[in-house]
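Peer 1: I'd like to ask you about the structure that follows.
The values are calculated or read from the model by the stated rules, or taken from the named source; none is laboratory data. Every value quoted in this text rests on a predicted model; they were computed, and no experiment measured them. A quick note on method: Cβ atoms are made from the backbone with ideal geometry, for glycine too, and the neighbour counts reach across all protein chains shown. The protein model used for the area step is the full one, side chains on, heavy atoms only, and it has no ligands, DNA or RNA in it. Shrake-Rupley method; radii C 1.70, N 1.55, O 1.52, S 1.80 Å.
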Amino acid sequence: MIKIDLSGKRYLVMGVANKRSLGWAIAEQLRDAGAELAFTYQAERLRTELEKLTADMPGTLLFQCDVTDEEELGAAFSALESSWGVLDGIVHAIAFAPRAAMEGRYLDTTRDDWLTALEISAYSLVSVARKAEPLLTDQAGIVTLSYYAAEKVVPKYNVMAIAKSALEASVRYLAYELGSKGVRVNAVSAGPVRTVAARSIPGFVKLFNRFAEVAPLGRNITHEEVGQLGLFLLSPMSTGITGEVVYVDAGFHTMGMELPSE
């Protein structure tokens with residue numbers, strides 16, 4: 001097994017809510033590879049959970065940062081610059097849509113719910129990349145989290161699917177504009193994983209079970225598999241990859257039609 005060594009590298013992880021978050025799955029892999037980590041949290045109530053998660057990670061930095069607040073966003077990156085000076089990569093694991101927008105018809109999505117989902121789940125990648133640009137080292141990487149619904153209809157994913165589509169388009173444009181600096185921008189499109197956020201999607205359990213039935217590997221994926229892909233995309237092993245949406249979904253996205261059993 002090839003071991004990735006990120007000793008001396010520094011990464012910012014944004015959007016970890018608890019130990020089942022996919023952002024945390026990537027953070028664990030970065031930590032095990034020797035990287036130094038900083039985390040942002042959306043509100044003070046989430047700080048306690050992050051403190052517990054990072055208790056065995058001396059030197060870890062924690063910053064409050066609501067990505068919809070330009071002042072807080074600027075303050076977080078100013079503090080990072082003061083503490084570290086440079087960044088070798090960012091994990092953007094931030095997404096949100098009001099529950100009401102996920103329960104009914106997409107057709108009935110309100111303007112406010114639509115704007116909220118797009119601002120937090122897609123525009124935040126743009127604003128984070130803009131603030132981070134002066135700190136990013138040559139060959140730095142940015143990784144965000146997407147989902148199959150950005151490309152195909154997944155009932156009840158509704159406005160979040162639209163946000164993920166915008167997120168994936170942003171990955172391509174950011175990859176183009178930051179490429180001259182050697183900075184890579186990619187998205188991990190993970191199959192359904194049992195996270196707190198995922199379980200808030202109506203019908204998630206049925207969706208989770210159906211994925212395993214249809215996927216070529218005949219199973220769902222694990223948190224660790226998502227973390228390993230994130231690690232790869234943030235490491236020197238992927239220096240030629242940018243602007244990509246990389247699937248880790250046991251092959252589900254390759255299926256166009258399911259044949260009846262014989």
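Peer 1: Within region 128-144, name every residue whose backbone N is under 17 Å away from a label modeled 7 Å from Cα of Glu70 along the Cβ vector.
Peer 2: Answer for this model: 128-133.
Peer 1: What net charge is computed for the residues neighbouring Glu133, neighbours being all others with C-beta under 12 Å from the C-beta of Glu133, Lys and Arg scored +1, Asp and Glu -1? Mind showing how you got there, number by number?
Peer 2: Working: positive: Arg130, Lys131, Lys181; negative: Glu81, Glu177.
Result for the neighbourhood of Glu133: +1.
Peer 1: I would also like to ask the following. Students often check this: by mean Cβ neighbours within 10 Å, which of 166-172, 107-113, 40-46 ranks highest, and how do the rest follow?
Peer 2: 166-172, 40-46, 107-113
Peer 1: Sorting check: for 234-240, 7-13, which peptide has the highest mean count of neighbouring beta carbons within 10 Å, and how do the rest follow? Numbers along the way, then the final one.
Peer 2: Details: 234-240: 15.7, 7-13: 19.7.
Top to bottom by mean Cβ count within 10 Å: 7-13, 234-240.
Peer 1: For the chain, set up a Gaussian network in which alpha carbons nearer than 10 Å are linked by springs, and say which option among Ile241, Ile90, Ile142 fluctuates the most.
Peer 2: Ile241
Peer 1: While we're here: Could you work out the local net charge near Glu168, counting Lys and Arg as +1, Asp and Glu as -1, over the other residues with Cβ closer than 14 Å to its Cβ? Don't skip to the end; give the middle numbers.
Peer 2: Working: positive: Lys152, Lys164, Arg172; negative: Glu151, Glu244.
Cβ neighbours under 14 Å give a net charge of +1.
Peer 1: Here is a follow-up. If you roll a 1.4 Å probe over the heavy atoms of the protein chains, what accessible area per residue do you get for the chain, in Å²?
Peer 2: 49
Peer 1: Given R₀ = 22 Å, what would the calculated FRET efficiency be for Thr222 paired with Ala55, taking r from the Cβ atoms and rounding to 0.05?
Peer 2: Numbers: r = 24 Å, r/R0 = 1.08.
Plugging the Cβ-Cβ distance into 1/(1 + (r/R0)^6) gives 0.40.
Peer 1: Restricting to Cα atoms and excluding each atom paired with itself, what does the Kirkwood estimate give for the chain in Å? Could you put the intermediate results ahead of the total?
Peer 2: Working: mean 1/r = 0.0534 Å⁻¹.
Value: 18.7 Å, from the Cα pair sum.
Peer 1: Next up: May I ask you to list the lysines whose Cα is less than 26 Å away from that of Lys156, ignoring any residue fewer than eight positions away on the same chain?
Peer 2: Within reach: Lys19, Lys164, Lys206.
Peer 1: Sticking with this one: Tell me the carbon and sulfur percent of the accessible area for the chain, rounded to whole percent, probe radius 1.4 Å.
Peer 2: Values: 6840 of 12890 Å².
On the chain, the fraction of accessible area on carbon and sulfur atoms equals 53 percent.
Peer 1: Next question, about the same structure. Please give me the summed charge of the neighbours of Gly34: other residues whose Cβ is under 15 Å from its Cβ, Lys and Arg +1, Asp and Glu -1. Don't skip to the end; give the middle numbers.
Peer 2: Numbers: positive: Lys3, Lys9, Arg10, Arg31; negative: Asp5, Glu28, Asp32, Glu36, Asp56, Asp88.
That works out to -2.
Peer 1: Using each residue's phi in region 227-237, evaluate 6.51 cos²θ - 1.76 cosθ + 1.60 at θ = phi - 60° and report the 3J(HN,Hα) Karplus result to the nearest Hz, with x for Gly and Pro.
Peer 2: x, 5, 5, x, 4, 4, 5, 9, 9, x, 6
Peer 1: In whole angstrom, and with the biggest value first, how far do the Cα coordinates of region 1-40 range along each principal axis?
Peer 2: Rounded to whole Å, the extents work out to 29, 21, 9 Å.
Peer 1: Here is a further query. Gain in length, Ser83 to Asn209, computed as 0.36 nm per residue apart minus the alpha-carbon separation, to one decimal in nm? The partial results should precede the final answer.
Peer 2: Details: separation 126, 0.36 × 126 = 45.36 nm, distance 4.48 nm.
Working it through step by step, the gained length comes to 40.9 nm.
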